[in-house]
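Notes to accompany the following structure.
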Amino acid sequence: MEHIHSNDGSPGSSHQNPKSTAKWAASLENLLEDPEGVKRFREFLKKEFSEENVLFWLACEDFKKTQDKKQMQEKAKEIYMTFLSSKASSQVNVEGQSRLNEKILEEPHPLMFQKLQDQIFNLMKYDSYSRFLKSDLFLKHKRTEEEEEDPPDAQTAAKRASRIYNT
């Protein structure tokens with residue numbers, strides 16, 4: 001099995017390296033950077049009833065990129081109400097969440113959720129992420145990738161595979 005054009009200096013085609021599962025398995029960071037990885041991880045967490053962890057993590061990532069103060073206040077409130085308040089619909093299990101009182105929401109800053117986000121990241125990393133890598137969902141995706149090793153129509157095969165998964 002030989003890989004032609006792999007190191008001829010051309011900046012590969014725009015579609016991702018077919019072995020995304022290898023990247024996902026390398027680290028949770030890689031998994032969370034890949035929209036497809038996030039999608040699969042969320043499917044898995046949904047089955048485990050802990051999807052709120054990755055949703056909280058993603059919300060915090062988005063929050064850190066927010067520049068506008070008014071928007072920041074709204075997002076901070078939303079994150080608080082959705083994930084952290086005692087009445088939250090998707091409450092995440094972090095230490096010290098009660099100490100994040102509502103006053104801080106008036107003066108939000110980009111890293112205000114960082115400690116909590118790190119806690120949730122570690123929770124996912126040492127808990128659900130390792131189970132995800134052993135899950136049928138992950139392994140099935142990995143097998144599909146291996147079967148599709150460089151067919152001439154790699155993209156259509158990948159699209160077919162994603163259609164199968166999206167049923």
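Just so it is clear, none of the values below were taken in a lab; they were calculated from the coordinates. Note that the structure is predicted; figures quoted are calculated from it, not measured. We place every Cβ from the backbone using ideal geometry, glycine too, and count neighbours over all the protein chains shown.
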#### Entry: Segment E43-Q73, extension gain: residue separation times 0.36 nm, minus the distance between their alpha carbons
7.8 nm
### Message
I need the calculated FRET efficiency for the pair E147 and N30, taking r as the beta carbon distance and R₀ as 25 Å, to the nearest 0.05.
### Response
0.70
#### Entry: Selection from Y126, S90, Q114, by position along the positive dipole direction of the range 26-143 (Cβ)
Y126
### Message
7 Å from Cα along Cα→Cβ at both K103 and L133: what's the point-to-point distance in nm?
### Response
4.3 nm
### Task
Over the alpha-carbon set of the range 26-143, divide Rg by the Kirkwood Rh and report the Rg/Rh ratio to two decimals.
1.00
## Note on the structure
Toy charge model, Lys and Arg Cβ at +1, Asp and Glu Cβ at -1: the range 26-143 dipole around Cα centroid in debye, rounded to 20, equals 300 debye
